[in-house]
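Notes for the one structure printed next.
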Amino acid sequence: MGTEAGKRREVGGVPGVAGGYQDGVDGRSTSDGTGGATGAGGLREDVTGARRIVVKVGSSSLTTALGGLDADRVDALVDVLAKAGGIGREPSLAREIVLVSSGAIAAGLAPLGLSRRPRDLARQQAAASVGQGLLVARYTASFARYGVRVGQVLLTSDDISRRTHYRNAFRTLDKLLAMGALPIVNENDTVATDEIRFGDNDRLAALVAHLVHADLLVLLSDVDGLYDGDPRRPGARRIAEVAGPADLEGVETGSAGRAGVGTGGMVTKVEAAGIAAAAGIPVVLTSAVHAADALAGRPTGTLFRRTGKRSADRLLWLAHASTPRGALRLDAGAVRAVVERRTSLLPAGLTGVEGRFTAGDPVDLLDERGNAVARGLVNYDAAELPRLLGRSTRDLAAELGPAYEREVVHRDDLVVLR
Ligand SMILES: Nc1ncnc2c1ncn2[C@@H]1O[C@H](COP(=O)(O)OP(=O)(O)O)[C@@H](O)[C@H]1O
Ligand SMILES: N[C@@H](CCC(=O)OP(=O)(O)O)C(=O)O
């Protein structure tokens, strides 16, 4: 890619960046050296079989070094997505694509006279407000070349952990796809405050992939895969396949490449890939310039194989996207009941309450040592709980009325943290 980092990588002679994909791939790749279970023509079956795909693209792949939208790069990405989505193909061969696009803040910098990403939230929000409009306008025009409509979907992580919002987000995305439109998702940066901020679109993309029941997640960045260390370091080697967490031992993941544009660097991508893989969704991590190859199933970048099965939907968001508003302290019996037997949390097992929250907020459940063992949506306001501590629901109902028979956290709203 035409970035400074990319040029340095090529000049530095890191194998596998500019040329053939087999070179420089280290021993973690599969024995066939192609980085995944392959079918006809050496293509990855995890990719060729995928019908619904979430593609996430980072700011560094959409913007110029000076901080503004790079229209040519947006068009190039749209060309690839239109082709991969099967525009003009048999409907049975078409694939549904949800695009999670970063770039709002970066796209808003130059128009607001800013030369780099501001540190303060207020100016980031102002930049996002200007940039998101420009970004979606560009996507709208670019996809229109293929007769494809786009729909903007701005998500706030904390909201989506709640049941009704979660269902609503799923319904909207599903309906957009059913109507032939391509959803373009970003965090609602303009309204997100520090407390409820997601701040990292890699994780957002993993959770969106889970939300829409995607078969595949593709993370596009300015680097062509996961390396065993800083890819700008001579001798760094690309990892073709990650079969599970053990394959990540010893891998050094650093922060963002191009100063002032990307946010999480490789750390958030590896975390996101881990979340998706554990939720049963394989992930391909590669650069935007290799997007066409990646979506065609060619063995480019790094494939993270699925490591788990799909879990109950909304709880993944609760575990990975919500910000707890307080904490509940549990006695040992309640910890066992919640963690081992997966029961609801009742007032009898509560020993303390921390923070200010209202019914419906996410809270952490702490063991006797203060470690968070689970997270759940609480059914009471913080102010109501102190007088309920350690008491049986039967006593409470007799004294205060039948409303007090309810659980503090219902097991359907509770996720055990590993
Ligand atoms: N082990 C690693 N493998 C690959 N890239 C890495 C690694 N460690 C750090 N990086 C850096 O992560 C950067 C990508 O992250 P980031 O800039 O946040 O991208 P994006 O804007 O696409 O989300 C790369 O440019 C690279 O310099
Ligand atoms: N929501 C922010 C992007 C946050 C983010 O994760 O950025 P990146 O590391 O470039 O994927 C924006 O649109 O600017």
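For Lys83, go through the aspartates and glutamates and keep the ones whose alpha-carbon is under 14 Å away, minus same-chain ones fewer than eight residues off.
Asp75, Glu96, Asp293
Spelling out what I want: for every residue of region 165-177, take phi, set θ = phi - 60°, compute 6.51 cos²θ - 1.76 cosθ + 1.60 (Karplus), and round to whole Hz; glycine and proline get x.
5, 4, 4, 5, 5, 4, 4, 5, 5, 5, 5, 4, 5
May I ask which residue of Val289, Leu303, Leu316 lies farthest towards the positive end of the charge dipole of the chain, with charges of +1 (Lys, Arg) and -1 (Asp, Glu) on Cβ and the Cα centre as origin?
Result: Val289.
Rounded to the nearest 5, what % of the DSSP beta bridges within region 325-407 are antiparallel ones?
Close to 75 percent.
Points 7 angstrom from Cα along the Cβ direction at Glu340 and Asp79: gap in nanometres?
6.1
Whose amide H sits under 5 Å from the amide H of Gly244, counting only residues 5 or more places off or on another chain, with H placed in the peptide plane?
Result for Gly244 returns nothing.
Ranked by Cβ crowding within 10 angstrom, fewest neighbours first, how are Glu241, Glu45 ordered?
Final ranking by Cβ density, sparse to dense: Glu45, Glu241.
If the chain between Thr351 and Arg149 were fully stretched, how many nm would it gain, using 0.36 nm times the residue separation less the Cα-Cα distance?
Between Thr351 and Arg149, full extension yields an extra 67.3 nm.
For a Förster distance of 45 Å, can you work out the FRET efficiency between the beta-carbons of Glu249 and Arg119, rounded to the nearest 0.05?
Calculated value: 0.85.
Mind checking region 306-372 for GluC sites (Glu not before Pro) that DSSP puts in a loop (not H, G, I, E or B) and that have at most 13 other Cβ atoms within 10 Å?
Glu340, Glu368
Each residue of region 271-281 in order: what ³J(HN,Hα) in whole Hz does its phi give by Karplus 6.51 cos²θ - 1.76 cosθ + 1.60, θ = phi - 60°, with x for Gly and Pro?
4, 4, 4, x, 5, 5, 4, 5, 8, x, 10
Does region 112-188 classify as rounded, prolate or oblate by the C-alpha gyration tensor (a ≥ b ≥ c root eigenvalues; a/c under 1.5 gives rounded; else a/b over b/c gives prolate, otherwise oblate)?
Verdict is oblate for region 112-188.
Note the full-extension length gain between Ala40 and Arg310 as 0.36 nm times their separation in residues minus their Cα-Cα distance, in nm to one decimal.
94.5 nm
Go ahead and set up a Gaussian network model of the chain, Cα springs under 10 Å, then flag whichever of Asp189, Asp120, Asp367 fluctuates most.
Asp120
How large is the helix-only mean residue ellipticity at 222 nm for the chain, computed as the sum of -39500 (n - 2.57) over DSSP H runs with n ≥ 4, divided by its residue count, in deg cm²/dmol to the nearest 500?
-9000 deg cm²/dmol
Between Ser115, Ser61, Ser287, where does the largest GNM mean-square fluctuation fall for the chain, given springs only between Cα atoms within less than 10 Å?
Per the Cα network of the chain with a 10 Å cutoff, Ser115 tops the list.
Near the amide H of Arg298, under 5 Å away, which other amide H atoms are found, from residues 5 or more places off or on another chain, if H is placed in the peptide plane?
Amide H neighbours of Arg298, under 5 Å, 5+ apart: Arg44.
So which residue, out of Arg171, Arg237, Arg306, gets the largest mean-square fluctuation from a GNM of the chain using Cα contacts under 10 Å as springs?
Most flexible of the set in this elastic network: Arg171.
Once amide H atoms are placed 1.01 Å from N in the peptide plane, what residues at a sequence separation of 5 or more from Gly280, or on another chain, have their amide H within under 5 Å of its amide H?
Close amide H contacts, sequence-distant or interchain: Thr307, Gly308.
Report for the chain the percent antiparallel among DSSP-assigned beta bridges with both residues inside it, nearest 5.
On the way: 21 of 51 bridges.
Bridges in the chain are about 40 percent antiparallel.
Every number here is computed from the coordinates shown, using simple stated rules; none is lab data. Treat the numbers as computed from the prediction; the structure is a model and nothing was measured. No Cβ is skipped: glycine too gets one built from the backbone with ideal geometry, and neighbour counts run over all protein chains shown.
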